[in-house]
Every structure is written in structure tokens, then in C-alpha cells.
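All remarks here apply to the structure that follows.
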Amino acid sequence: MSKIRAQYEDLLCLSLAEDFGMSPEGAGKPRLVAGMLLAGSSYVLRRFETEQIDLVEEAVAVVDDVEAMFADSMKLQRAAE
């Protein structure tokens with residue numbers, strides 16, 4: 001599980017680095033934001049195991065919250081036409 005989590009974090013970091021226009025190397029913003037997303041996901045899963053929550057709604061809320069925190073520093077990408 002640890003290896004899968006690390007690979008998932010690396011993939012998130014690569015994608016976020018592109019969005020931020022930064023290098024994915026080191027413990028910069030892309031790596032830290034990837035960690036925030038993983039921590040939020042883990043929190044939602046723990047709650048889902050013990051509470052009656054809407055898993056999808058809560059997971060999307062985590063992504064929305066993190067995106068709101070960092071949207072100003074992300075590069076806008078055009079949708080494919």
C-alpha cells in the first residue's frame with residue numbers, strides 16, 4: 001500500500017507541477033499540494049468507514065477546497081476544442 005500511495009503521490013505531483021508551471025522535484029508546492037490531497041482523501045475514507053457520509057461528495061469537497069487555496073498560482077489551460 002505504501003508503494004502504491006507513493007506512486008500516486010508522484011503522479012499527482014507531476015500533474016500539479018505542470019499546472020503550477022514548476023518543477024516536480026523536491027518538496028516544493030506541487031509535492032506539498034499532492035500531500036494535502038492525499039491527506040484529505042485519507043480523512044474522507046476514515047470518516048466513510050464510521051459515519052454515514054456521501055463518499056463522492058466529501059472527496060470532491062476536498063479537491064475543491066485545495067483548488068480554492070491554490071487556484072491563483074495555477075496556469076489556466078484551454079479545453080480541447
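Computed from the coordinates by the stated procedures, all read-outs in this text should not be read as laboratory data. Since the structure is predicted, the reported quantities are computational estimates derived from the model, not experimental observations. FYI the Cβ positions are ideal-geometry reconstructions off the backbone, even for glycines, and counts take in every protein chain you see.
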Q: Mind pulling the per residue volume of the convex hull built on the Cα atoms of segment 13-52? Å³ is fine.
A: 60
Q | CD proxy at 222 nm, helix term only [per DSSP H run n ≥ 4: -39500 (n - 2.57); per residue of the chain; nearest 500] | A | -24000 deg cm²/dmol
Q) Assigning unit charges at the beta carbon (Lys, Arg +1; Asp, Glu -1) and nothing else, what dipole magnitude in debye, to the nearest 20, does the chain show about its Cα centre? A) 360
**Q.** Relative contact order %, segment 2-73, counting alpha carbon pairs below 8 Å whose residues are six or more apart
**A.** 24
Q. Out of every Cα-Cα pair in the chain, what percent are more than 20 Å apart?
A. 40
